[in-house]
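Here is the structure we will look at, set down as structure tokens.
The values are calculated or read from the model by the stated rules, or taken from the named source; none is laboratory data. Since we're looking at a predicted model, the values are computed, not measured. Glycine also receives a Cβ, built like all others from the backbone with ideal geometry; neighbour counts cover every protein chain displayed. Just so you know, the surface numbers come from the protein's heavy atoms only, side chains and all, with ligands and any DNA or RNA stripped out. Shrake-Rupley method; radii C 1.70, N 1.55, O 1.52, S 1.80 Å.
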Amino acid sequence: MLSKPIQAALNSQVQMEAESSQAYLAMASWAEIQPGLDGVSTFFYQQSDEERIHMLKLIRFVNERGGFALIPALIQPTITFKSVKSVFAEFLKHELKVSESINDLVHLSLTEKDYATHNFLQWYVNEQIEEERTARVLNDKLELVGDDRSGLYLFDRDILNYRGKK
Ligand code: OFO
């Protein structure tokens, strides 16, 4: 059985994953209507799908443990961006925020002595290492590219190869 604080914290994480999915869906849609950014668009469509899976895993876990997973309302994310660079800066910032939230959850699971939740959360801890790495690598690449349009062409062409092991 989940304690009240754990249930509330897991439900907040459900909301955060749903917001991540929406945020990345907006990035995918924005990229899709820019000339030549099909790779970036596909990357964020995939990223959005992954966040939905993260959300679903949490929902199923909360309900399995005798809690009640609350489906949150949708908030409109940022839908326009001034550059590809700003999209990826936002991506990294967002993932760092998610990591912080997962860490807080892990901490809470220990203070509540909820070792099943602690064990469940390890998947998210590992996932965040991977997501942060991907976001950092892509930001570094864009730093190298600078204002070089042919560099941006190659970045877009190769982006799906930078996704790590998934
Ligand atoms: Fe759910 O990992 Fe990104 O946000």
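See the values below:
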read-out: Largest to smallest accessible area among Arg133, Arg65, Arg149, Arg163 [probe 1.4 Å]; value: Arg149, Arg133, Arg65, Arg163
read-out: Average Cα contact separation per residue, the chain, under 8 Å, 6 or more apart, as relative contact order %; value: 27
read-out: Three-way shape call for the chain based on the alpha-carbon gyration tensor, with the a/c threshold at 1.5; value: prolate
read-out: Helix 115-145 axis, angle to the chain major axis (alpha carbon atoms, nearest 10°); value: 10
read-out: Estimated distance in nm for a label pair at Tyr153 and Ser86, the labels positioned 7 Å out from Cα along Cα-to-Cβ; value: 2.5
read-out: Sites Phe68 and Leu96, calculated FRET efficiency, Cβ-Cβ separation with R0 25 Å, nearest 0.05; value: 0.25
read-out: Hz values of 3J(HN,Hα) by residue in region 48-64 - Karplus curve (6.51, -1.76, 1.60), Gly and Pro given as x; value: 4, 4, 4, 5, 5, 5, 4, 5, 4, 4, 5, 4, 5, 5, 4, 5, 4
read-out: Region 4-163, accessible surface, carbon-and-sulfur percent (1.4 angstrom probe); value: 55
read-out: Rounded accessible area of Glu143 (nearest 10 Å², 1.4 Å probe); value: 120
read-out: Sequence of Lys85, Lys4, Lys113 from largest to smallest accessible area, 1.4 Å probe; value: Lys4, Lys113, Lys85
read-out: Ratio Rg/Rh [Cα only; Rh per Kirkwood] for region 93-166; value: 1.18
read-out: Rounded accessible area per residue of region 4-163, 1.4 Å, Å²; value: 55
read-out: Solvent exposure, largest accessible area first (probe 1.4 Å, DNA, RNA and ligands not counted), of Lys82, Lys141; value: Lys82, Lys141
